[in-house]
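What follows draws every value from the coordinates through simple rules; no lab data is involved. Given the structure is predicted, the values throughout are model-derived calculations rather than measurements. Note that we place each Cβ from the backbone using ideal geometry, even for glycine, and neighbour counts take in every protein chain shown.
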Amino acid sequence: MLKEAVELQQNAVSKLVELIDERDELTFRAPTGSGKTYMMADFMNRILENDDEVVFLVSTLSKGNLAQQNFDKFQEYKDTGRFKFINPFLISSEISGEEALFVPTNYNVYVLPRDLYKKGGRLMQGSMDNFLQNMTLDEWLGGKNKKIYLIKDECHVATNNLDTLSNDYFEKILNFSATPKLSRNQIPDVEITDNEAVNAKLIKYVELGDEEDVGVAINKFEEVKEQYRNLLGVNPCLIIQISNQDKADYELNNIIFPELNKAEHQDLKWMLIVDKDDKCDTNDTFKAKKLPVSKWKDYAKENSSTIDIIIFKMVISEGWDIPRACMLFQMRDSQSKQLDEQVIGRVRRNPRLLDFEDLSDEAQKLAMTSWVWGIIPDDGKKVRNVKLFDEPQDFINNIQIKTTVINDLSKKLDFNVEQYLDNNSGHDHYMSIFEMFKKLNKADSEIRKICYDYSDDYQKWWKFNENIDKIISENNKYECDYLTSMSLNKDENGNDVISSFPIESMYVDNGNYININDWVWRRKDGADKFSFDSEAEREWANILQSISTTHIKKITTGKLNPNRMYSSNIFGEEVPERLEEYDKYLWGKNYISNSDIKFEYYLDGIHSSYPDFVMVDNKNRLHLFEVKSVNFSNSQNANFDSESYKRKVDELRKCYLVASNLTNQIFYLPVLKDDKWNIIKLEDGNASTLTLEMFRDSFV
């Protein structure tokens, strides 16, 4: 599993652990497929490691067997030693006879199917109250004297009956969901964004289709199927979401089955899963029909399953993990962005997450792509799919970028943790072992790694954590010193990692349009109209386009350089045999989705900066641009922290200054204020400030 993915998850959990002391209620948002259940277990384990008086009640949906699924995962994490402090128990209607349910009190994680605690349910007959009282009463009254933390998994679904118990029994409430309900004040306190999850390779990026014909999706699936098997060792599947009630019958009998019955699709195995067992069906007579319907979904989840197409209504929108699903065709109009996001999450899981780094580049790209038809993103914004121009390898060969990373303290050549502790041991106040565990778990992953690499016995562990604040301070000081902590990104053999544009990418249409037909990208729909994230980006794209298309290159020998690719060749223009060659620079937007063009910097932790634009000039020099603006509308000013923004710009300047020396690439921070550009140029470890006119003149 990639370091980026691990750190993204660990840092999110660390923030939750830190905030839980300060707040009575927290909301955590992470996209479906990013490991929400894993992070929930990690969070509970860290709390229980430090405080064995805490008990967790995890309320989860009954639909899709989500409660059973969560319990199985928690039990697996405990059994494998991953999270050894959790001791899970599944509250089930089958745990006793006809009388009221009895819930034992010797566990610390209780998984509760939400629908068990509803009017008329057996838990409402006093069992839940008895259990909660036994857990929370003082020991001298015969209770366990525990603190109960309620976790609402899929918190966007109401838990009204449990909410009535909150003031009496629950010390803390934690909301977990990919789609928290803002109307119920579930505003994320900690969040993993979709872009962060995609960039860490936790989830796939989405390629949205324009066509409304299910045949297009099925044909695309046939095209991808063999690639999935050969490159990933996984049987992929397409899931088709149909409407409810009478409309579903029409869609099945008049649209879907006629397409599947075509001769070219006779090899495809399909499965229909609806809310009534007697209405479920499949043409997989050798496999699925031998199983009871209740087991069909489990069978369909397996990477080796022969089911190619799963047709469903809403029964698998939540709580059904199927990493091999790579395509979704939505026929129904859900009229709910939350439901759409839950459904789309079914096809965004990385099927080779744990060994992703071992895959070839082609296989990684395939594993990180999902295809979706019928769903429109939030705010009606269209996702545009782009690809490199007709000969993508030409661009990749001629736009080769070195990137940089920030190393932690363990990589410092003259740092020895044992020697450092001998010279700097001592602490300001006594800490209990629980305080030490708490501080260590709050620390970044690199600090925890240094601790456990050093601590081969209890005494060393204790010594390290007595002085953890000093270690953290030393690590932060080192990471901030880019001259010593920054290095070129290397592969496992010690060779420089060379990055370029991905062959395909995507962006969300945010307006700020320009028509461009002579840069590295081509829209898949053939249009020349490109969108940018801000007015400043749009203006800068105009500037780069102007520089690229108006540059006149003189070739003094009277002949073209055979070792250089001329953009005229790429864009289909005839190359004139003359001393003056009309030559466009190669340039393009660095779309974050699927991009490896990034540079690490330190700002209260390590982050990645993705330059907005990349350009190669006629001397094969690389120019990278991170565009900023201090122009904000009145509606944005309330959320704009100018000091934080200035800190970030200043930190990027320091980062790019050192990176320019390590990579021999030229970095720019163009900042738009009012209608004027202030451009910081960073080249060979030196900084200078340019006006727009000076910048233009540097390319003449």
Original post:
Could you give the semi-axes, largest first, of the ellipsoid that matches the stretch 3-192, computed as the square roots of 5 times the alpha carbon gyration tensor eigenvalues and rounded to whole Å?
Top reply: 25, 18, 17
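Let's test the formula: R0 of 41 Å, r as the Cβ-Cβ distance of E222 and N620. What FRET efficiency results, to the nearest 0.05? Present the calculation step by step, with values, prior to reporting the outcome.
Working: r = 42 Å, r/R0 = 1.03.
Calculated transfer efficiency: 0.45.
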**OP:** For an R0 of 35 angstrom, estimate the FRET efficiency from the Cβ-Cβ distance between I503 and D675 and round to the nearest 0.05.
**Re:** 0.40
**OP:** Work out how much length S642 to D267 would gain on full extension: take 0.36 nm times their residue separation and subtract the Cα-Cα distance, in nm to one decimal.
**Re:** 129.0 nm
Original post:
What FRET efficiency do you get for Y38 and C480 if R0 is 45 Å and r is their Cβ-Cβ distance, rounded to the nearest 0.05?
Top reply: 0.90
Original post:
Which number do you get for Rg(Cα) / (2.2 N^0.38 Å) in the stretch 408-538?
Top reply: 1.70
Original post:
Bin by bin, in steps of 5 Å, what percent of the Cα pairs in the stretch 407-469 do you find, going until the bin that has the longest distance?
Top reply: 4, 17, 30, 28, 16, 4, 1
Original post:
Given 0.36 nm per residue, what is the gain on full extension from I433 to E362 after removing their alpha carbon distance, in nm?
Top reply: 20.7 nm
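What full-extension length gain, to one decimal in nm, is calculated for E191 and N160 as 0.36 nm per residue of separation minus the Cα-Cα distance?
Gain on extension, E191 to N160, equals 8.7 nm.
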**OP:** Describe numerically, in nm with one decimal, the distance between label points set 7 Å from Cα along Cα→Cβ at F699 and at N517.
**Re:** 2.0 nm
Original post:
Once label points are set 7 Å from the Cα along Cα→Cβ at both E4 and Q68, what is their separation, rounded to one decimal in nm?
Top reply: 3.7 nm
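Can you tell me the dipole magnitude for the stretch 407-469 around its Cα centre, using point charges on the Cβ only (Lys, Arg +1; Asp, Glu -1), in Debye to the nearest 20?
It comes to approximately 220 debye.
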Original post:
For the stretch 215-224, what does the Karplus curve 6.51 cos²θ - 1.76 cosθ + 1.60, with θ = phi - 60°, yield as ³J(HN,Hα) per residue in whole Hz, taken in order and with x for Gly and Pro?
Top reply: x, 5, 5, 5, 5, 5, 4, 4, 5, 7
**OP:** Could I have the simple spin-label model distance between K449 and N493, label points 7 Å from Cα toward Cβ, reported in nm to one decimal?
**Re:** 2.3 nm
